[in-house]
Amino acid sequence: MKLLITLVLAVLISAFGCGEESKGDQSSSANNSAKERIAEKLGITVFELDNGVGPIKEKLQISADIDKIMAESGKKIFDAKCVQCHKMDERYTGPALRDVTQRRSPEYVMNMVLNPQEMTQKHPEAKKLLAMYANQMTFQNVTQEDTRALLEYLRMEANH
Amino acid sequence: MLKIKLIAPLCFAVLFIIALSACSENGSTPGTNGALDTDAAEKVYVAPGEYDEFYSFMSGGFSGQVTVYGLPSGRLFKIIPVFSQYPENGYGYTPETRPMLQTSYGEIPWDDAHHPELSQTNGVPDGRWLFINGNNTPRVARIDLSTFETEEIIEIPNSAGNHGSPFITMNTEYVVASTRFSVPIPQKDVPISSYKENFKGTLSFINVEQETGHMNLAFQILVPGFNYDLAHAGKGPSHGWAFFTSYNSEEANTLLEINASQNDKDFIAAVNWKLAEEYVKQGKGKEYKSEYYNNRYNNESHTAVAEKKEKVLILDPKDCPGLIYYLPTPKSPHGVDVDPSGEYIVAGGKLATVIPVHSFSKMIKAIEDKDFITEIYGIPVLKYESVIAGEVENPGLGPLHTEFDGNGFAYTSAFISSEVVKWKIGTWEVVDRIPSYYSIGHLMIPGGDSQKPFGKYLVSLNKITKDRYLPTGPELCQSAQLIDISGDKMKLLLDFPTIGEPHYAQAIPADLLMDKQKKIFELENNKHEYGVKSEKDARVERKGNEVHIYMTTTRTHFKPDNIEGVNVGDKVYFHITNLEQDWDIPHGFAVKGMRTAELLIMPGQTRTAIWEPQREGVYPFYCTDFCSALHQEMQGYIRISPRNSSTKISFN
């Protein structure tokens, strides 16, 4: 059981990719309590620290295989509502997104799309990005379903 | 004035509050605070970040626009362009919005807007639309209250000075409009002195489609050549009737100040519009050739279309017995207001010494009994004594307009004596009065012309401010005054200056509008001919000497932002789509030397700026609406080559 928790945490931490906390040699419980302290200080939950603040409040079931149909529909949405700020491989109005699904958890990506304002106010990583790019990411009037499709498209692009 | 204010507290040498209340007791001195409530500040204070209780829509009068203020704070939220061009956002300048100002006389950049009127369902404001009249070139506009934008303007033919307008029936079946000036109908070249022979008035009934709000001129009624001033539709028992004041029953055509004030009584015309509908069905109307425009704006094409109409149906009372009756009313009546029950019809006889109140049920009985004193141009005139319910004595000088609080009281504005007079319906006795600073025209109670007034506040709409504000050269502001009517005594709470002339206003509780506000225009529904739905489709196309730039805008860049291959002599169209889909992120656009207004483009909207470059060079364009930290980076260049150059179109 303890092993499982350690594994899950290790995965989450690497997905979150927040340098300070991923000190591999620390015990899982120490890690856990360190995260709890950080989250408490920030006024968010540990789940939110790993997965972003927004309507996605629990881990999603995501198959390792890419759903190509969903990814294609995500591409259409991306081209209409996101491409004016994000390219895959170059910094533009916002960050390049080729590897975003490797850097962030799927839930984090979706919360950032669905709830950018609160994310940049509350989440330490999103706050950093706001400072770096000096532009508030906007909500682009997308549904949760649209956002899931966008995630699938970004997952597909990560493999290209 | 300053002296008085300083001396008073010193003399009384007591607490400031006592001094203030002492001041208010001396309220008759101009420039003092009148019947100022001692805790007025608390009653109008809306803390930072909190909301007002009411939206108030005020006409801009000669500004041609509508302004939106919060009550009780008196804070200005928005100016809605209606009849006048508005360079601040491009209204009336862009190809998308210019058709709104089209008339049978061509494009007109201005009008005089007087009476905002909220749509109603079952006699109560419902928050769908706001209508307002254009006086000078007769028109009625409809503003959508989810976008706060003008969506439609209809011109009214056979009318001159569309003052008695736009007053609605209790389910917004019709917007009614009467002509202030009588004119030859149809227009023709006749001597002005042939007034009595040739001049006529019209009363117009504009049908409103309930789903869309679209207005259609259903029919007009030809009436004698008087001046028709104001109107109100019946409600409750009087639903199906509309009442129009008239003056100049003398039919004078010169020096009306004397010649139109001869008769002891003029008339309120009571029109049975349900019967008019029957006559229309029976084919009693005659088609007149009348040119007018009906202009509609579409929120998906983001473009207005001006449609020319050619005909109108006119009913002549001669062919339609029972259509109109005249209620004799002293003396050059101005306002006509129907109380919440629908029984009482109150006239503001601006030269009269009393306020006459007609009874609807007595009117119906008098009609049944044929209790007529005479006929004028075939229209029966009812006997005054048979229709009058009561007269309010000593109502102030120059009574104009009346609104109601829903608790059995009426409030009348008195222009000449600058005051609001409160009186009781039924006993007709004056129970309170409060000064206005100065020269009140209309007054307004939220829902005060409906079946269920929301009460609480009254706004006095004043023409003159003289010594009330810091002076600003020869032209001074006009103003509104907020009065608390929740108690027995009216209490002055607040003065605030207004844009243009706040001729009339209506107000509605904030919660009826707040939740229905449109935040963005959905990009997927954008059907603009030149809109682009993805930055990937941004491009430049040449068609002869026209260059169409399909541009997108987002925080914080334009695409394309470098354009070459355009020559002197070309006509450049910047079609700009704002790709943002979040609330409150408009972008602006202007290019150096552009001889038109800037654009403001709401999220998901497309707007076009037309530019005819005159000189070669490289011209910057930029975002004019501060949008973000990198707003100052939001810019681009367009290169202009000499006439007939062969520089190829290129862009990035």
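Less than 20 Å apart at the alpha-carbon level, and either on another chain or at least 8 residues along: which lysines does that give for B:K331?
B:K265, B:K350, B:K383
Sequence gap at least 6, Cα distance under 8 Å: using those rules, report the relative contact order of segment B:407-507 to the nearest whole percent. Can you show the working numbers first?
Working: 228 pairs, mean separation 22.2, N = 101.
Answer for segment B:407-507 is 22 percent.
Please give the total accessible area that chains B and A bury against each other, computed with a 1.4 Å probe and expressed in Å² to the nearest 100.
For B against A, buried area totals roughly 1400 Å².
Which one of B:S119, B:I153, B:Y105 is farthest out on the positive end of the charge dipole of segment B:77-231, using unit charges on Cβ (Lys, Arg +1; Asp, Glu -1) and the Cα centre as origin?
B:Y105
Using Cα pairs under 8 angstrom and six or more residues apart, how large is the relative contact order of segment A:88-154, in percent? Each step should come with its number before you reach the end.
Details: 54 pairs, mean separation 24.2, N = 67.
Answer for segment A:88-154 is 36 percent.
Which shape class, rounded, prolate or oblate, goes with chain B when its Cα gyration tensor gives a ≥ b ≥ c as root eigenvalues, a/c under 1.5 marks rounded, and past that a/b bigger than b/c marks prolate?
Oblate is the answer for chain B, as a/c is 1.5 or above yet b/c matches or exceeds a/b.
So how far, in whole Å, is the C-alpha centre of segment B:295-355 from the one of segment B:569-639?
Between the Cα centres of segment B:295-355 and segment B:569-639 lies a distance of 44 Å.
As an exercise, identify the GluC sites (Glu not before Pro) in segment B:375-416 lying in DSSP coil whose Cβ has no more than 11 other Cβ atoms within 10 Å.
Answer by residue number: there is no such site.
With +1 assigned to the C-beta of every Lys and Arg and -1 to the C-beta of every Asp and Glu, and no other charges, what is the dipole magnitude of chain B about the Cα centre in debye, to the nearest 20?
Numbers: 60 positive and 81 negative charges, 228 e Å.
So the dipole magnitude of chain B works out to roughly 1100 debye.
Assign unit charges at the C-beta atoms only (+1 for Lys and Arg, -1 for Asp and Glu), then state the dipole size of segment B:316-442 relative to its Cα centre in Debye, rounded to the nearest 20.
Around 220 debye, computed over segment B:316-442.
Quote the FRET efficiency, to the nearest 0.05, computed for B:Y637 versus A:R91 with a Förster distance R0 of 25 Å and r equal to the Cβ-Cβ distance. Numbers along the way, then the final one.
On the way: r = 22 Å, r/R0 = 0.88.
E(calc), rounded to 0.05, equals 0.70.
Run the quick spin-label model on A:E40 and B:F372: label points 7 Å from Cα toward the beta carbon, then report their separation in nm to one decimal.
It is 9.1 nm.
Near A:T147, within a Cβ-to-Cβ distance under 13 Å, what is the net charge of the other residues, with Lys and Arg +1 and Asp and Glu -1?
Its environment carries a net charge of -1.
Put +1 on the Cβ of each Lys and Arg and -1 on the Cβ of each Asp and Glu in chain B; which of B:I563, B:G531, B:M602 then has its Cα farthest toward the positive end of the dipole?
Among B:I563, B:G531, B:M602, the one farthest towards the positive end of the dipole of chain B is B:I563.
Taking all protein chains as present, what is the carbon and sulfur share of the accessible area of segment B:136-267, in % to the nearest whole number, probe 1.4 Å?
Looking at segment B:136-267 in its full context, I get 48 percent from C and S.
Tally Lys/Arg at +1 and Asp/Glu at -1 over every other residue whose Cβ is under 15 Å from the Cβ of A:D99; what's the total?
Working: positive: A:K87, A:R91, A:R98, A:R103, A:R104, A:R155; negative: A:D89, A:E90, A:E125, A:E157.
Every neighbour counted, the sum reads +2.
Hey, any idea what % of segment B:302-377's accessible area is carbon plus sulfur with a 1.4 Å probe?
Carbon-and-sulfur percentage of accessible area, whole number: 55.
Sort segment B:273-349 into rounded, prolate or oblate with this rule: let a ≥ b ≥ c be the square roots of the eigenvalues of the Cα gyration tensor; rounded if a/c is under 1.5, and if a/c is not under 1.5, prolate when a/b is larger than b/c, oblate otherwise.
oblate
Using a basic spin-label model with each label point 7 Å from the Cα along Cα→Cβ, how many nm lie between B:N562 and B:L397?
About 7.4 nm separates the two model spin labels.
Which value, in Å², gives the accessible area per residue of chain B when a 1.4 Å probe is used on the protein heavy atoms?
40
In sequence order, what are the phi-derived ³J(HN,Hα) couplings for segment B:407-414 according to the Karplus relation 6.51 cos²θ - 1.76 cosθ + 1.60 with θ = phi - 60°, rounded to whole Hz, with x for glycine and proline?
10, x, 10, 10, 10, 10, 8, 10
Can you list the trypsin sites (Lys or Arg not before Pro) in segment A:64-160 that are in a DSSP coil and have 13 or fewer other beta carbons within 10 angstrom?
Answer by residue number: A:R91.
Residue by residue through segment B:323-339, which ³J(HN,Hα) values in whole Hz follow from phi under the Karplus form 6.51 cos²θ - 1.76 cosθ + 1.60 (θ = phi - 60°), with glycine and proline marked x?
6, 9, 10, 9, 9, x, 9, x, 9, 6, x, 9, x, 9, 10, 9, 6
Give me the percent relative contact order of segment B:77-136, please, defined on Cα pairs under 8 angstrom at least 6 residues apart.
With pairs under 8 Å counted, the relative contact order is 25 percent.
Note down the magnitude of the dipole of the protein assembly as shown about its Cα centre, charges +1 on Lys and Arg C-beta and -1 on Asp and Glu C-beta and zero elsewhere, to the nearest 20 debye.
Details: 81 positive and 103 negative charges, 288 e Å.
Dipole of the protein assembly as shown, to the nearest 20 debye: 1380 debye.
Over segment B:509-585, what percent of the accessible surface lies on carbon and sulfur atoms, probe 1.4 Å?
Answer for segment B:509-585: carbon and sulfur cover 43 percent of the accessible area.
Find the percent of Cα-Cα distances in segment B:357-442 that exceed 17 Å, and round it to a whole number.
The share of Cα pairs beyond 17 Å in segment B:357-442 comes to 56 percent.
Using a probe radius of 1.4 Å on heavy atoms only, what accessible surface per residue do you get for segment A:26-160? Whole Å² is fine.
Counting only protein heavy atoms, the per-residue value for segment A:26-160 is 50 Å².
Tally Lys and Arg at +1 and Asp and Glu at -1 over the other residues with C-beta under 10 Å from the C-beta of A:V53: what net charge comes out?
Value of the local net charge: 0.
Can you tell me which aspartates and glutamates have their Cα less than 16 Å from the Cα of B:K422? Leave out same-chain residues fewer than eight positions away.
B:D337, B:D339, B:E391, B:E393, B:E403, B:D405, B:D432, B:D449, B:D484, B:D488
Could you sort the residues of segment A:87-133 by number and keep only those whose accessible area is reduced by 40 Å² or more in the all-protein-chain setting relative to the chain alone, 1.4 Å probe?
Buried by the other chains: A:Y92.
Using a 10 Å cut-off on Cβ to Cβ distances, tally the other chain neighbours for every residue of B:582-588 and report the average as a whole number.
2
For the cross-link pairs B:K78/B:K235; B:K309/B:K516; A:K81/B:K78; B:K533/B:K648; A:K35/A:K128, which exceed 22 Å when the distance is taken from alpha carbon to alpha carbon?
Beyond 22 Å: B:K78/B:K235; B:K309/B:K516; A:K81/B:K78; B:K533/B:K648.
I want to verify the translational diffusion coefficient of the protein assembly as shown in µm²/s; compute it with Stokes-Einstein, Rh as the Kirkwood radius over Cα pairs, at 37 °C and 0.692 mPa s.
The calculation lands on 108 µm²/s.
At 222 nm, what helix-only mean residue ellipticity would chain B give, in deg cm²/dmol to the nearest 500, using -39500 (n - 2.57) for each DSSP H run of four or more? List each step's numbers first, then the result.
Values: 8 runs with 56 residues, N = 652.
Value at 222 nm, helices only: -2000 deg cm²/dmol.
The values are calculated or read from the model by the stated rules, or taken from the named source; none is laboratory data. Everything numeric in this text was worked out from a predicted model, so none of it was measured. Neighbour counts run over all protein chains shown; Cβ positions are idealised from the backbone, glycine included. Ligands, DNA and RNA are stripped out before the accessible areas are found, and what is left, the full protein with its side chains, is counted by its heavy atoms. Shrake-Rupley method; radii C 1.70, N 1.55, O 1.52, S 1.80 Å.
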